[in-house]
């Protein structure tokens with residue numbers, strides 16, 4: 001029990017330091033902090049896969065590639081175009097955070113110390129996943145309607161053998177409706193602490209990129225179904 005209390009006190013102290021970095025201003029923490037978490041986590045996970053796809057190293061990981069004859073190596077011009085679209089969409093996500101900040105305030109989202117207990121964070125995570133799956137599933141079904149598909153969702157399916165950064169290669173409307181909103185609606189509805197939201201965003205972005213990476217690593221969730229979905 002003493003260990004738990006000491007760990008809790010340490011985490012709260014570190015969180016106070018994070019708040020100090022943003023001048024203890026709630027809007028800075030919510031808007032700038034969340035934008036940094038989104039952008040840096042996206043860059044971190046995609047840097048790993050970019051290195052893997054372009055260098056072929058470490059070699060032992062290539063046996064886990066799903067479509068082994070595709071994107072070896074990734075075409076540089078196509079990759080750069082994908083990066084431009086993906087980073088534009090990441091900026092759109094940051095803009096969504098700014099746009100939704102008043103709603104976050106209204107629903108009671110907070111950033112102040114102390115941090116919430118673990119059980120509360122776990123329950124909120126369950127809600128995040130359920131809301132995310134619901135919105136993503138039905139919006140994705142909508143984007144596969146023939147009329148909407150050819151104008152919006154077809155762009156995402158240009159990558160029939162996707163790479164991780166292609167997770168954000170999408171029409172702006174699709175990115176807002178199917179990528180950004182599903183991640184943010186759950187925390188808003190639950191009035192969650194921003195620290196819990198940041199952890200959620202890092203995990204969710206990692207999972208999204210993993211589902212587009214074209215690799216099925218042991219233990220990790222399989223992207224195989226989604227990989228072949230891109231062939232349609």
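The values are calculated or read from the model by the stated rules, or taken from the named source; none is laboratory data. What you see is a predicted model, and the numbers here were worked out from it, not measured in a lab. FYI the Cβ positions are ideal-geometry reconstructions off the backbone, even for glycines, and counts take in every protein chain you see.
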Next on the checklist: Tell me the residue from 178, 192, 168 that is surrounded by 18 or more Cβ atoms within 10 Å (Cβ to Cβ), touching a strand residue (DSSP E or B) at 6+ places or on another chain (Cβ under 9 Å) and modelled with pLDDT of 85 or more, please.
Outcome noted: 192
Item to check | Among (1) part of a helix (DSSP H, G or I); (2) at pLDDT below 95; (3) out of contact with any helix residue (DSSP H, G or I) (no Cβ under 7 Å at 6 or more places or on another chain) - the single one residue 156 does not satisfy | outcome: (3)
Checklist entry - Within the range 130-158, how many residues are exposed (fewer than 15 other Cβ atoms within 10 Å of the Cβ) and within 24 Å of residue 29 (Cα to Cα)? => result 0
Checklist entry - Given the residues 65, 84, which is the only one that is under 20 Å from residue 208 (Cα atoms) and touching a strand residue (DSSP E or B) at 6+ places or on another chain (Cβ under 9 Å)? => result 65
Checklist outcome for this item: Selection over the range 19-63 where residues are more than 18 Å from residue 103 (Cβ to Cβ) and not in a loop (DSSP other than H, G, I, E, B) yields a count of 27
Next on the checklist: Can you list residue pairs whose Cβ atoms sit under 9 Å apart, with the first residue in the range 95-108 being closer than 11 Å to residue 27 by Cα and the second being modelled with pLDDT of 95 or more and not in a helix (DSSP H, G or I)? Count only pairs 6 or more apart in sequence or on different chains.
Outcome noted: 104/191
